[in-house]
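Take a look at the structure below.
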Amino acid sequence: MKKVLSSVALGLLLIGCECTDTCQNVDANAAATPGTPGHFKQTVKDRVFFNFDSSTLSADAKKSVEAQAGWLKVYSSTTATVEGKCDARGTHEYNLALGARRANAAEKELVKLGIDKNRLKTISYGKEKLEVVGETEEAHAQNRVAITVIN
């Protein structure tokens, strides 16, 4: 009886592991389909970074937002969410407000560049969804960000 059960279990395991053409490895470096969220991330910078305790867009940040606006103009049926984030320092409430100011600053610049405000929404995660965990200045800098996510 044990041999029969072992054989059945092995057979089920092999059936579960059988791969067809649909489960081939996907090349992470392959070009994403134009107009998709993956294409956006591959072709433009999806994030803009901020200085400590700031929601002012730097010249580099404005260039990133310009590229985002250009992509959004080409793919005019897409919508986006701008996520404001902060580093781990500061209170929960303060960082939610700062994250909102960062997301709003990026959204305002996108609208200024011709993107319909109705295509955009903002959300603040404050320090709740860190991009990089760590207490180094490099980690903090990666978390002071507004990320444009294509919906």
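Nothing in this text is a laboratory measurement; each read-out follows from the coordinates by a stated rule. Keep in mind the model is a prediction, meaning the values are calculated, not measured. Neighbour counts run over all protein chains shown; Cβ positions are idealised from the backbone, glycine included.
Tabulated data
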| item | result |
| --- | --- |
| Residue among G114, V82, F40 farthest towards the positive dipole end of region 34-134, charges placed on Cβ | G114 |
| Cα-based radius of gyration of region 34-134 once divided by 2.2 N^0.38 Å, which approximates compact folds | 1.06 |
